[in-house]
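The structure appears right after this line, and notes come after that.
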Amino acid sequence: VMVEPFPVPLTIQTKSSYSKNKYFSGNHDLVLAFGMDKEDLEVLDDYDGIEYIVAIPWLKDKTAPWIERWNVREITGKQYDKNVSEISDIVKVAMTELSSVINRSTGISHPSDNNRAKTYIRALYKYEPELDAEAVVSYLVTGLGWTSSHANDVGKLITTLNEGRYFRGGEKTGLQDYYKRWKEKVKSAKNNHP
């Protein structure tokens, strides 16, 4: 649809018809998302051709984690109050290391990558005072460039442990060695950058 006097193509689509197969990384789409929840917006996050998303939620609490993740501004310019917990430098180092040793295009779906992720999450859960799933997912997406779907797989592991449940896989011994290595990296980085 061409709207006068704008010489820019304007398409109106539903979330079902807007497909990432039709839109390639060369595009710079502006998407107006009406009434979408967090999960719908995360799907849009993962599309390469989207430059900006303007989200107009029906219920703010259904999109709050997504809003907090991206530290968005209201259209009036007001900054949204961020309620997501910050993660420690040790968690950042661990997630950065995890990012460098797994196949990021498949996330943690490969058995060896899944096992490694479970080991890292077990170590962090055991030695960190608090491990907030949404904060880690936000860091993976906004800080390390993970897709929302792959980052959510890591978040589910954290949520499982935080809810007092367990999962199979991952090392159960030697977790302190992982944590000590990450702690040493943080200490070394702070000593090199006063």
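Summary of values
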| quantity | calculated |
| --- | --- |
| Of residues in region 117-128 being of a type outside the set (A, V, I, L, M, F, W, C) and touching a residue at least 40 places away in the same chain (Cβ under 8 Å), the one most open to solvent (accessible area, probe 1.4 Å) | 126 |
| Lone unmet requirement of (1) within 17 Å of the chain's Cα centre (by Cα); (2) closer than 30 Å to residue 18 by Cβ; (3) open to solvent by less than 30 Å² (accessible area, probe 1.4 Å) for residue 144 | (3) |
| Enumeration of residues in region 45-62 that are of a type outside the set (A, V, I, L, M, F, W, C), in a loop (DSSP other than H, G, I, E, B) and closer than 14 Å to residue 34 by Cα | 57 |
| Flag for residue 109 being in contact (Cβ under 8 Å) with a residue 12 or more places away in the chain, within 27 Å of residue 45 (Cβ to Cβ), open to solvent by 80 Å² or more (accessible area, probe 1.4 Å) and not acidic (Asp, Glu) | yes |
| Hits in region 114-123 (condition: more than 21 Å from residue 69 (Cα to Cα), out of contact with any Asp or Glu (no Cβ under 7 Å at 6 or more places or on another chain) and not basic (Lys, Arg)) | 114, 115, 117, 120, 123 |
| Number of the condition not met by residue 87 [criteria: (1) in contact with a helix residue (DSSP H, G or I) (Cβ under 9 Å, 6 or more places away or on another chain); (2) at pLDDT below 95; (3) farther than 26 Å from residue 185 by Cα] | (3) |
| Region 178-194 residues that are exposed (fewer than 14 other Cβ atoms within 10 Å of the Cβ) and modelled with pLDDT under 95, paired with ones that are of a type outside the set (Ser, Thr, Tyr) and outside any loop (DSSP other than H, G, I, E, B) (beta carbon under 9 Å, 6 or more apart) | 189/89; 189/93; 190/89 |
| Options 120, 166; residue that is over 15 Å from the mean Cα position of the chain (by Cα), farther than 25 Å from residue 42 by Cα and of a type outside the set (A, V, I, L, M, F, W, C) | 166 |
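The values are calculated or read from the model by the stated rules, or taken from the named source; none is laboratory data. Since the model is a prediction, treat every value here as computed from it, not as a measurement. Ideal geometry is used to build each Cβ from the backbone, glycine not excepted, and the neighbour counts take in all protein chains shown. With ligands, DNA and RNA removed, areas are computed over all heavy atoms of the protein, side chains included. Shrake-Rupley method; radii C 1.70, N 1.55, O 1.52, S 1.80 Å.
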